[in-house]
Amino acid sequence: MKITKQCVVSLTWTLKDTLGEELDTLDEPVEFLVGGKDLLAKIEETLQGHEPGEKVDLQLEPVDAFGDYDDRLLFLEPRHLFPEKLDEGMGFEGLPEGCNPAAPKDRLYFVSDIYPDHVVMDANHPLAGIALRIHLEVHNVREAELDEVGQGSLGTGFFNMQVGPGDASQPDAQANQPPTLH
């Protein structure tokens, strides 16, 4: 079966930056819903018509991947609102109670800097602003089941950093942000 606009595809990949540094590898095949929220639009578009066993190489510019880096998604928050044990790179689903009320509540945040009295939280995707090269291998293609189509996702979440109900709860400034990799 060939990949169509609405099907389930099983993929592996190697993701690199444009300098060839490996950023992510998916060694074991994982299923994604094509025509849903599981894959970036440019990846879905490129995969159309491919069959199991085929390999695809694709370069994704930031606009087609995780967007440009947006300094409006950096938030300086009081240190006392966070757990005692806190390390740079730690992720949080939303910000703790008492943080900036204008910060989107349905995003993943990463600790970017820790100061004695403050913590810098970053809601940008870690790959925002980076052009990427992705080598994909198609392992299987099957028809999507009705409930999978209805959910719009197989729940893999590799390309989405939202944790809440979705774009509807984001402030207008965030509503047009590109989807954000695991």
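Identify, please: which residue in the stretch 106-140 is farther than 12 Å from Phe75 by Cβ, charged (D, E, K, R) and outside the structural domain of Glu45 (by TED's automatic domain parsing) and is, among those, surrounded by the fewest Cβ atoms within 10 Å (Cβ to Cβ)?
So, considering only residues that are farther than 12 Å from Phe75 by Cβ, charged (D, E, K, R) and outside the structural domain of Glu45 (by TED's automatic domain parsing), the one surrounded by the fewest Cβ atoms within 10 Å (Cβ to Cβ) is Asp117.
Those residues that are closer than 17 Å to Gln59 by Cα and either of a type outside the set (Gly, Ala, Ser) or touching a strand residue (DSSP E or B) at 6+ places or on another chain (Cβ under 8 Å) (or both), I need them from the stretch 116-137; list them, please.
Correct list: Leu127, Ile130, Ala131, Leu132, Arg133, Ile134, His135, Leu136, Glu137.
Mind checking which strands (runs of 3 or more DSSP E) fall wholly inside the stretch 1-101 and carry at least 3 residues that are assigned by TED's automatic domain parsing to the domain that holds His135?
Answer list for the stretch 1-101: 7-17, 22-34, 55-60.
With respect to Ile134, is the statement that it is of a type in the set (Val, Ile, Thr) and part of a strand (DSSP E or B) true?
In short, yes.
The values are calculated or read from the model by the stated rules, or taken from the named source; none is laboratory data. Keep in mind the model is a prediction, meaning the values are calculated, not measured. Here the Cβ is made from the backbone with ideal geometry for all residues, glycine too, and neighbour counts use every protein chain on show.
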